[in-house]
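Asker: After the structure tokens below, expect a handful of questions from me.
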Amino acid sequence: MTRGGLQMRTPLALFERIRFECSTEVLCARCQSALDRHQPDIERPDRLLGTCCECRAWYLIDDRVHVMFALPDVRTLRCP
């Protein structure tokens, strides 16, 4: 794709599906610390954003079916 004569590279993102046990605590797949869970949409309490205070990883969490997907880190997002 080009914009203003410059070629833009579209990054390909693959998300690993991570299953977790039904519990009160969801652990980071990288460092095994407990994730802080945030509910961005009040009408969808089972769809959460998980953040790790230790390694700074972010996850999309579907609490209804107990799976989460790791989001790309800053290095991945900012690569040329």
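Asker: Select from the range 21-42 the residues that are hydrophobic (A, V, I, L, M, F, W, C), closer than 13 Å to MET68 by Cα and assigned to a loop (DSSP other than H, G, I, E, B) and list them in ascending order.
Answerer: CYS22, VAL26, CYS28, ALA29, LEU35
Asker: A follow-up question, please. Kindly list, by first and then second residue, each pair from a residue in the range 8-36 that is surrounded by 10 or more Cβ atoms within 10 Å (Cβ to Cβ) and of a type in the set (Ser, Thr, Tyr) to a residue that is modelled with pLDDT of 95 or more and in a loop (DSSP other than H, G, I, E, B), limited to pairs with Cβ atoms under 6 Å and residues at least 6 apart or on different chains.
Answerer: If the second residue must be modelled with pLDDT of 95 or more and in a loop (DSSP other than H, G, I, E, B), the pairs left are SER33/CYS52; SER33/GLU54.
Asker: What are the residues in the range 28-54 that are in contact with a Pro (Cβ under 8 Å, 6 or more places away or on another chain), closer than 16 Å to ILE18 by Cα and not aliphatic (A, V, I, L, M), if any?
Answerer: Answer for the range 28-54, where residues must be in contact with a Pro (Cβ under 8 Å, 6 or more places away or on another chain), closer than 16 Å to ILE18 by Cα and not aliphatic (A, V, I, L, M): just ARG47.
Asker: Does LEU71 fit the bill of being surrounded by 13 or more Cβ atoms within 10 Å (Cβ to Cβ), among the aliphatic types (A, V, I, L, M) and touching an Asp or Glu at 6+ places or on another chain (Cβ under 7 Å)?
Answerer: No; evaluated as a whole, the condition is false for this residue.
The values are calculated or read from the model by the stated rules, or taken from the named source; none is laboratory data. Please read these numbers as outputs of a predicted model, since none were measured by experiment. Cβ atoms come from the backbone with ideal geometry, glycine included; neighbour counts cover every protein chain shown.
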